[in-house]
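Asks: Here you go, one structure.
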Amino acid sequence: MKKTLLFILLLLFQFSFSKPINETQKLAATCKVWGFLKYYHPNVASGKFDWDQQLFEVLPKIEKAKTDAEFSDVLEKWINSLGKVKVYKAEIVSEKMEYFDKNFDLSWIQENEFFAKSLCQKLKFIEENKIQGKQYYVEEGIAFKNEIEYSEFNDKDKKFRLLALFRFWNYVEYFFPYKYQMDQNWDLTLNEFLPRTISPISENDYYLSLKELSAKLNDSHALFGANKLFQIFGWKSIPFNVKIIDDKAIVTGFKNDSLSKINDVKIGDIITKIRGESVVELIKKNQKYIEGSNSPAILNKIDWPVFYNKTNTAEIEFIRDNKTMIKTINFYEYKELMINYENHQEKYKLLENNIGYVNMGALFPDDVEAMMEKFKNTKAIIFDIRNYPQGTNYLIAEYLNPEPVEFVKSVDIDLSSPGRFIWRKDAEGGKCGKINPDYYKGNVIILVNEKTISHSEYSAMTLKVAPKATIIGNQTAGSDGYSYRFEIIKGLWTSFTCYGVFYPDKKETQRIGIVPDIEVQQTILGIQKGKDEILDRAILFAKNGK
């Protein structure tokens, strides 16, 4: 009787000090608890529950909770229903791991203002006695698995909208290595986008919110996609390429020569307006939807919302030969553009003054030996990586270095403690080159720009450790690890960088990119005159060494 009375008094004491909690606060905390249990609770992380259904069943109870005490009580009962967690006795590990902990922070399970002390204790106990076997929902290398594939995503159903957000937020929370580099704290991002998930202003706003959410990663590998976005921005595009310089859209080349000619578009044309809106305003309005690690990367991808159209034609204002003109141009579906992505450019060639030039996007591994034989006595080799190389970096490095040299450090997810990463050992791919007394003695010049991304950046890092290497160009895209693409839920697909790449001294390449030794920006005048200013600067450096 005394125990029962004491329990009642404790409850009365607890509820007398409870405070109101709103829907966003409840769902933000629920999202974090749901994700934590998914990857840490032994009975959940091993796949013993339909974890989506568990969320659907607890959401109505969460909604009814009006105070923090009631909310904590719902979560505690939910956790209790998942079964007993056994105390785990840690084994003594002989191999010492070097951990990367910049993303790893579970302090919220102890410091959440809406959690009762008993709930905090339960969560801490789960953390200390987490799953020891294989993860059911994620595997090494990072691949998300065993998620329920629904026949369709019902965006009218609040619980499905929340499921999509909860899945994605926790994928990033535990498995995105650069979470700590985001401009905005990931918890604050959850709080920002929950209201637009709970009660979207419109269907369009909901899908645009997901695109904005993806952009918050500040990762050039990130890319959110849904068919609805094509209905918003259109699915027809221009037959030419543009580059944004000084808030102006400059025509730099053609996706389809004949279609560009039909539209009387010329390289060097400056497009100032489209559909009556200035390019400046369109950039300002749409850059929040563009996933990019830095400003050059965002501007490199801005053509999607700005230069896509729902109809076959649109009016543009443009400047040619210092004259402002207006004309109507045609827009085309992807299949109509008939873009040929095969690179028919010369793989490598000898320039004047005994300088070698290599188009890294066209060079294949089987070409490396012949290329290096041709250029072995040149004063310099220019490796152009303003494109996407074909896996030749390690082979080339064997010719450029007198011995193996470290050029990279990488981190991988620690699946035993999701959110934590582990530094790879040097023997696991951190070096390039081989013992080679007959290595190339000339200058190694590497060309980069905003189109240098991912493996392109990795290749630049590989070549940069050559004894006489110099990087020329402008800031690269700043996403230097492997990009993993997956579906969040049926019809919503996305991607982000899934392992971290750093310099040997552990400095970041993410967001910063590969920093040029000599910075050169392409200019409007240079494009109009048909000049490649980055290549021209490289040739000058090859001639005089400065």
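Asks: Leu363: under 28 Å from Ile142 (Cα atoms), touching a helix residue (DSSP H, G or I) at 6+ places or on another chain (Cβ under 9 Å), touching a residue at least 12 places away in the same chain (Cβ under 8 Å) and not polar (S, T, N, Q), yes or no? Full working, then the answer.
Replies: Numbers: under 28 Å from Ile142 (Cα atoms): no; touching a helix residue (DSSP H, G or I) at 6+ places or on another chain (Cβ under 9 Å): yes; touching a residue at least 12 places away in the same chain (Cβ under 8 Å): yes; not polar (S, T, N, Q): yes.
For Leu363, the condition - under 28 Å from Ile142 (Cα atoms), touching a helix residue (DSSP H, G or I) at 6+ places or on another chain (Cβ under 9 Å), touching a residue at least 12 places away in the same chain (Cβ under 8 Å) and not polar (S, T, N, Q) - is not met.
Asks: Let me ask you something else. What are the residues in segment 415-430 that are of a type in the set (D, E, K, R) and either modelled with pLDDT under 95 or buried (at least 21 other Cβ atoms within 10 Å of the Cβ) (or both), if any?
Replies: If we filter segment 415-430 for residues that are of a type in the set (D, E, K, R), which is where we start, we get 420, 424-426, 428.
The answer is Arg424, Lys425, Asp426, Glu428.
Asks: Right, here's the next one. Working only within segment 507-546, note down all residues that are free of Cβ contacts under 8 Å to residues at least 24 places away in the same chain, part of a helix (DSSP H, G or I) and more than 19 Å from Asn300 (Cβ to Cβ).
Replies: Leu525, Asp536, Leu540, Asn544
Asks: List pairs: first in segment 261-289 and touching a residue at least 12 places away in the same chain (Cβ under 8 Å), second in a loop (DSSP other than H, G, I, E, B), Cβ under 6 Å, 6+ apart or cross-chain?
Replies: Sorted first by the residue in segment 261-289, then by its partner, the pairs are Val280/Asp247; Ile283/Ile302.
Asks: Hey, among the residues in segment 331-359 that are at pLDDT 95 or above and of a type in the set (Val, Ile, Thr), which one's surrounded by the fewest Cβ atoms within 10 Å (Cβ to Cβ)?
Replies: Looking at residues that are at pLDDT 95 or above and of a type in the set (Val, Ile, Thr), I get Ile355.
Asks: On to the next question. Restricting attention to segment 308-319, which residues are of a type outside the set (Val, Ile, Thr) and surrounded by fewer than 16 Cβ atoms within 10 Å (Cβ to Cβ)? First the steps, then the outcome.
Replies: We begin by selecting, within segment 308-319, every residue of a type outside the set (Val, Ile, Thr); these are 308-310, 312, 314-315, 317-318.
Result: Lys310, Asn312, Glu315.
Asks: Within segment 447-467, track down each residue that is in a helix (DSSP H, G or I) and open to solvent by 20 Å² or more (accessible area, probe 1.4 Å). Give the steps one after another, and end with the answer.
Replies: Residues of segment 447-467 that are in a helix (DSSP H, G or I), as a first pass: 455-464.
His455, Tyr458, Lys464, listed by residue number.
Asks: Contact list please: Cβ distance under 7 Å, first residue in segment 226-244 and more than 21 Å from Ser258 (Cβ to Cβ) and among the aliphatic types (A, V, I, L, M), second residue assigned to a helix (DSSP H, G or I) and open to solvent by 30 Å² or more (accessible area, probe 1.4 Å), pairs at least six apart or on different chains.
Replies: Going by the 7 Å Cβ cut-off, the qualifying pairs are Ile232/Asn204; Ile244/Leu299.
Asks: So for segment 363-377 (the condition being surrounded by 12 or more Cβ atoms within 10 Å (Cβ to Cβ) and part of a strand (DSSP E or B)), does at least one residue qualify?
Replies: The answer is no; no qualifying residue exists.
Asks: Condition (residue is assigned to a loop (DSSP other than H, G, I, E, B), closer than 30 Å to Lys130 by Cβ and open to solvent by 50 Å² or more (accessible area, probe 1.4 Å)) applied to segment 396-414: is it met by at least one residue?
Replies: Scanning segment 396-414 turns up no residue that is assigned to a loop (DSSP other than H, G, I, E, B), closer than 30 Å to Lys130 by Cβ and open to solvent by 50 Å² or more (accessible area, probe 1.4 Å).
Asks: Quick one: is Phe383 modelled with pLDDT of 95 or more, open to solvent by 30 Å² or more (accessible area, probe 1.4 Å) and within 35 Å of the chain's Cα centre (by Cα)? Outline the logic, then answer.
Replies: Details: modelled with pLDDT of 95 or more: yes; open to solvent by 30 Å² or more (accessible area, probe 1.4 Å): no; within 35 Å of the chain's Cα centre (by Cα): yes.
Criteria not met by Phe383.
Asks: Sticking with this one: Let me spell it out: the conditions are (1) in contact (Cβ under 8 Å) with a residue 12 or more places away in the chain; (2) over 30 Å from Leu229 (Cα atoms), and Lys425 meets all of them except one. Which number is the exception?
Replies: Checking Lys425 against (1) in contact (Cβ under 8 Å) with a residue 12 or more places away in the chain; (2) over 30 Å from Leu229 (Cα atoms), the one that fails is (1).
Asks: In the list Ser199, Ser220, Ser214, which residue meets the criterion of being open to solvent by 20 Å² or more (accessible area, probe 1.4 Å) and of a type in the set (Gly, Ala, Ser)? So that I can check it myself, show each step before the final result.
Replies: Details: Ser220 fails: open to solvent by 20 Å² or more (accessible area, probe 1.4 Å); Ser214 fails: open to solvent by 20 Å² or more (accessible area, probe 1.4 Å).
It is Ser199.
Asks: Moving on to the next point. Please find, among Asn22, Asn112, Asn43, Asn80, the residue that is surrounded by fewer than 20 Cβ atoms within 10 Å (Cβ to Cβ) and either of a type in the set (Asp, Glu) or under 17 Å from Glu128 (Cβ atoms) (or both).
Replies: Numbers: Asn22 fails: either of a type in the set (Asp, Glu) or under 17 Å from Glu128 (Cβ atoms) (or both); Asn112 fails: either of a type in the set (Asp, Glu) or under 17 Å from Glu128 (Cβ atoms) (or both); Asn80 fails: either of a type in the set (Asp, Glu) or under 17 Å from Glu128 (Cβ atoms) (or both).
Step by step, each of Asn22, Asn112, Asn43, Asn80 is checked, and only Asn43 is surrounded by fewer than 20 Cβ atoms within 10 Å (Cβ to Cβ) and either of a type in the set (Asp, Glu) or under 17 Å from Glu128 (Cβ atoms) (or both).
Asks: At pLDDT below 95 and acidic (Asp, Glu): is that true of Glu149 in this structure?
Replies: Working: at pLDDT below 95: yes; acidic (Asp, Glu): yes.
Considered against the rule, which asks whether it is at pLDDT below 95 and acidic (Asp, Glu), Glu149 comes out as yes.
Asks: Do we find that Ser199 is touching a residue at least 60 places away in the same chain (Cβ under 8 Å) and hydroxyl-bearing (Ser, Thr, Tyr) in this structure?
Replies: Values: touching a residue at least 60 places away in the same chain (Cβ under 8 Å): no; hydroxyl-bearing (Ser, Thr, Tyr): yes.
Taking the combined requirement at face value, the residue does not satisfy it.
Asks: Step by step: first the residues of segment 85-103, then only those that are part of a loop (DSSP other than H, G, I, E, B), open to solvent by less than 100 Å² (accessible area, probe 1.4 Å) and modelled with pLDDT of 90 or more, then the one that is farthest from Pro42 (Cα to Cα). Which residue is that?
Replies: The first filter runs over segment 85-103 and keeps only residues part of a loop (DSSP other than H, G, I, E, B), leaving 85-98, 101-103.
With open to solvent by less than 100 Å² (accessible area, probe 1.4 Å) added as a condition, the list becomes 85, 88, 90, 95, 97-98, 101, 103.
Those still in the list that are modelled with pLDDT of 90 or more too: 85, 98, 101, 103.
Numbers: Val85: 7, Glu98: 25, Asp101: 22, Asn103: 22 Å.
Within segment 85-103, the match that is farthest from Pro42 (Cα to Cα) is Glu98.
Asks: Now, a different point. Give the residues of segment 338-362 that are assigned to a strand (DSSP E or B), touching a Ser or Thr at 6+ places or on another chain (Cβ under 9 Å) and polar (S, T, N, Q), sorted by residue number.
Replies: Selection gives nothing.
Asks: Hey, another quick one. From the residues in segment 474-504 that are part of a strand (DSSP E or B) and over 21 Å from Asp412 (Cα atoms), which one is most open to solvent (accessible area, probe 1.4 Å)? Break it down into steps so the answer makes sense when it comes.
Replies: So in segment 474-504, the residues part of a strand (DSSP E or B) come out as 483-489, 492-497, 500-502.
Next cut, over 21 Å from Asp412 (Cα atoms) only: 487-489, 492-493.
On the way: Glu487: 94, Ile488: 10, Ile489: 5, Leu492: 4, Trp493: 58 Å².
Of everything passing the filter in segment 474-504, Glu487 is most open to solvent (accessible area, probe 1.4 Å).
Asks: Tell me which residues, restricted to segment 111-164, are basic (Lys, Arg) and closer than 29 Å to Glu63 by Cα.
Replies: Once the filter is applied, which keeps residues that are basic (Lys, Arg) and closer than 29 Å to Glu63 by Cα, segment 111-164 yields Lys117, Lys122, Lys124, Lys130, Lys156, Lys158, Lys159, Arg161.
Asks: Assess whether Tyr440 counts as being open to solvent by 10 Å² or more (accessible area, probe 1.4 Å) and either part of a strand (DSSP E or B) or out of contact with any Asp or Glu (no Cβ under 8 Å at 6 or more places or on another chain) (or both). If you could, list the steps in order and put the result at the bottom.
Replies: Details: open to solvent by 10 Å² or more (accessible area, probe 1.4 Å): yes; either part of a strand (DSSP E or B) or out of contact with any Asp or Glu (no Cβ under 8 Å at 6 or more places or on another chain) (or both): yes.
In short, yes.
Asks: Tell me which residues, restricted to segment 30-46, are more than 25 Å from the chain's Cα centre (by Cα) and of a type in the set (Gly, Ala, Ser).
Replies: Ala45, Ser46
Asks: Which residues, taken from segment 252-269, are in contact with a Ser or Thr (Cβ under 8 Å, 6 or more places away or on another chain) and either crowded, with 21+ Cβ neighbours inside 10 Å or of a type in the set (A, V, I, L, M) (or both)?
Replies: Passing the criteria: only Ile267.
Asks: Something else now. State which residue is nearest to Leu337 (Cα to Cα) when the search covers only segment 270-307 and only residues that are outside any helix (DSSP H, G or I) and open to solvent by 50 Å² or more (accessible area, probe 1.4 Å). I'd like the intermediate steps shown before the answer.
Replies: Here is the first cut: in segment 270-307, the residues outside any helix (DSSP H, G or I) are 270-278, 290-294, 302, 307.
If we keep only those that are open to solvent by 50 Å² or more (accessible area, probe 1.4 Å) too, we end up with 273, 275-277.
Working: Lys273: 23, Arg275: 21, Gly276: 24, Glu277: 25 Å.
Selected residue: Arg275.
The values are calculated or read from the model by the stated rules, or taken from the named source; none is laboratory data. Since we're looking at a predicted model, the values are computed, not measured. Note that we place each Cβ from the backbone using ideal geometry, even for glycine, and neighbour counts take in every protein chain shown. Note: accessible area is taken over every heavy atom of the protein model, side chains too, but ligands, DNA and RNA are not part of it. Shrake-Rupley method; radii C 1.70, N 1.55, O 1.52, S 1.80 Å.
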